[in-house]
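Undergrad: Quick one: the structure is below, questions incoming.
The values are calculated or read from the model by the stated rules, or taken from the named source; none is laboratory data. Here the structure is a predicted model, which is why all the values come from computation and not from measurement. Cβ placement follows ideal geometry from the backbone for every residue including glycine, while neighbour counts extend to all protein chains displayed.
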Amino acid sequence: MKPKIQPEDIEGMKFMEYRKIFFRELKRMKSEGKECDFILMTEWEFSDFKGKEIPLMVVGSLNSPWEKFYKTDAKKRKGKDFAKGVCSFGKETSEGQEFNVTIKHGKIKSKGQRAIEKVIFKKVGLILNIVDKAVTDEEEEETGDAPVAEKVVKAAVTTGVASGTGEKTAKEPKEKVIEKVKEQAGELKDNLKALKTQFKTVKEKVAKNIKKNKAGRKDLVLMRKLQEAFNGFNETYEAAHEKLQNKFASAKKELEKQNKKFAKLALAVKHRKKSLAQQLADKFFAKSADRIATTEEVELMQKSLKTAIDYRQIATREGEEKKLNLKAVYIAAKHKGPKFLPRHTDVVYEVLSL
């Protein structure tokens, strides 16, 4: 059974589009009654759920493009969320039919297992049954060993310190201490690289939009992501080995200066942004009709937003649950337009709540 989905298809693919195809693949696989290969990434980012980790599984006779993808792309994923092996339909139970998965390489994290059960298999009455979680010797470990890590490993092993707390870990094996320091160095290096990219993006896009008086919600989102990335770097830095902190001290100081400058941009964006209803309506019609929304369409969007917010009982919710429900409303509005219905938020919320 040749997979209908190929590696070049998944970049930019929307989740609902993928799930529809995958359900057909499962049906085709069941009708043939044969064992199939599979590739799974439990933390894939679909184009319509940016920043959300959702499982992506492909079944069939994995051809050379998929084998190449697994070796060159999947195995290099930072989160180590990849796996491949064989799968088949199992016995029928009172709760549904089992879908057996035998892992030959990689691993399926418990979080990823729960996610794929919820958004994929449960919808078609299947129960995921992981037969074998063994990882082969073939698996490669990426330790993120930046050059700076090599310079502090010796000191870390000598002092027995693997965190910024100064706590002694002399009883830990040498290999474990080295692994911790390398991991910390890799994280700091990755965070620093990502931050520099985000600073550049904000400088080129947000500042430009402010000058043209076109700053909107998208710019504010970029500013928030930048702040989150900056906070993430600081957290990693504070938890790192003292020697690593010394190595990255100058970079941290420079980032703090940059962050203060861009905080002023964030305030400027807030003063210039359009109403949420207008932003969402404009985005929808810019994509579907290459124009901005009319006054009537913005008013309709406002009414639809209020109806959906009442439907999801936003006023009674708090914390993370409130954020997820609001996000479900905004995403549904963005993709369906001013005439979106409250029920359109259900599928979105289901994915966001993974």
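Undergrad: Being without any contact (Cβ under 8 Å) to a residue 12 or more places away in the chain, farther than 16 Å from Gln279 by Cβ and basic (Lys, Arg) is the requirement here; does Lys306 meet it? It would help to see each step written out before you state the result.
TA: Details: without any contact (Cβ under 8 Å) to a residue 12 or more places away in the chain: yes; farther than 16 Å from Gln279 by Cβ: no; basic (Lys, Arg): yes.
Against the criterion (without any contact (Cβ under 8 Å) to a residue 12 or more places away in the chain, farther than 16 Å from Gln279 by Cβ and basic (Lys, Arg)), Lys306 does not qualify.
Undergrad: A further question follows. Between a first residue in region 325-340 that is in contact (Cβ under 8 Å) with a residue 60 or more places away in the chain and a second residue that is crowded, with 17+ Cβ neighbours inside 10 Å and among the aliphatic types (A, V, I, L, M), which pairs have beta carbons less than 6 Å apart while being 6 or more apart in sequence or on different chains?
TA: Listed by first residue and then by second, the contacts come to Ile331/Val348.
Undergrad: Follow-up question, since we're still on this one. Glu95 versus (1) closer than 25 Å to Glu350 by Cα; (2) surrounded by fewer than 13 Cβ atoms within 10 Å (Cβ to Cβ); (3) in contact with an Asp or Glu (Cβ under 7 Å, 6 or more places away or on another chain): which is the lone unmet condition?
TA: (3)
Undergrad: Do we have any residue at all in region 330-344 that's in a helix (DSSP H, G or I), more than 27 Å from the chain's Cα centre (by Cα) and over 27 Å from Lys111 (Cα atoms)? Break it down stepwise before answering.
TA: Our first condition is that a residue be in a helix (DSSP H, G or I); within region 330-344, this holds for 330-336, 344.
Add one more test, that the residue is more than 27 Å from the chain's Cα centre (by Cα), and what stays is none.
The answer is no, given that none of the residues of region 330-344 is in a helix (DSSP H, G or I), more than 27 Å from the chain's Cα centre (by Cα) and over 27 Å from Lys111 (Cα atoms).
Undergrad: Here's a follow-up. Quick one: is Glu53 crowded, with 17+ Cβ neighbours inside 10 Å, of a type outside the set (Val, Ile, Thr) and either under 30 Å from His344 (Cβ atoms) or touching an Asp or Glu at 6+ places or on another chain (Cβ under 6 Å) (or both)? Give the derivation first.
TA: On the way: crowded, with 17+ Cβ neighbours inside 10 Å: yes; of a type outside the set (Val, Ile, Thr): yes; either under 30 Å from His344 (Cβ atoms) or touching an Asp or Glu at 6+ places or on another chain (Cβ under 6 Å) (or both): yes.
Here the answer is yes, as Glu53 does meet what is asked.
Undergrad: Which condition does Thr102 not pass, out of (1) modelled with pLDDT of 90 or more; (2) assigned to a strand (DSSP E or B); (3) among the β-branched types (Val, Ile, Thr); (4) within 28 Å of Ser353 (Cβ to Cβ), if it passes all the others?
TA: If we test Thr102 against (1) modelled with pLDDT of 90 or more; (2) assigned to a strand (DSSP E or B); (3) among the β-branched types (Val, Ile, Thr); (4) within 28 Å of Ser353 (Cβ to Cβ), just (4) comes out false.
Undergrad: Follow-up. Out of Lys287, Lys306, Lys274, Lys323, which single residue is at pLDDT below 90, assigned to a helix (DSSP H, G or I) and either charged (D, E, K, R) or touching an Asp or Glu at 6+ places or on another chain (Cβ under 9 Å) (or both)?
TA: None of the other options fit; the residue is Lys287.
Undergrad: Yes or no: Ser94 touching a Gly at 6+ places or on another chain (Cβ under 6 Å), modelled with pLDDT under 90 and among the polar types (S, T, N, Q)? Even if it seems obvious, please write down each step before you answer.
TA: Details: touching a Gly at 6+ places or on another chain (Cβ under 6 Å): no; modelled with pLDDT under 90: yes; among the polar types (S, T, N, Q): yes.
It is false that Ser94 is touching a Gly at 6+ places or on another chain (Cβ under 6 Å), modelled with pLDDT under 90 and among the polar types (S, T, N, Q).
Undergrad: Here is a follow-up. Could you list, in sequence order, all residues of region 6-31 that are of a type in the set (Lys, Arg) and either within 14 Å of Phe121 (Cα to Cα) or not assigned by TED's automatic domain parsing to the domain that holds Lys118 (or both)?
TA: Once the filter is applied, which keeps residues that are of a type in the set (Lys, Arg) and either within 14 Å of Phe121 (Cα to Cα) or not assigned by TED's automatic domain parsing to the domain that holds Lys118 (or both), region 6-31 yields Arg19, Lys20, Arg24, Lys27, Lys30.
Undergrad: Shifting gears a bit: Starting from region 232-254, keep only residues that are outside any helix (DSSP H, G or I), then list their pairs with residues that are hydrophobic (A, V, I, L, M, F, W, C) whose Cβ atoms are within a distance under 7 Å, requiring at least 6 positions of separation or different chains.
TA: Ala240/Leu188; His241/Val152; His241/Ala156; His241/Val161; His241/Ala162; His241/Val181
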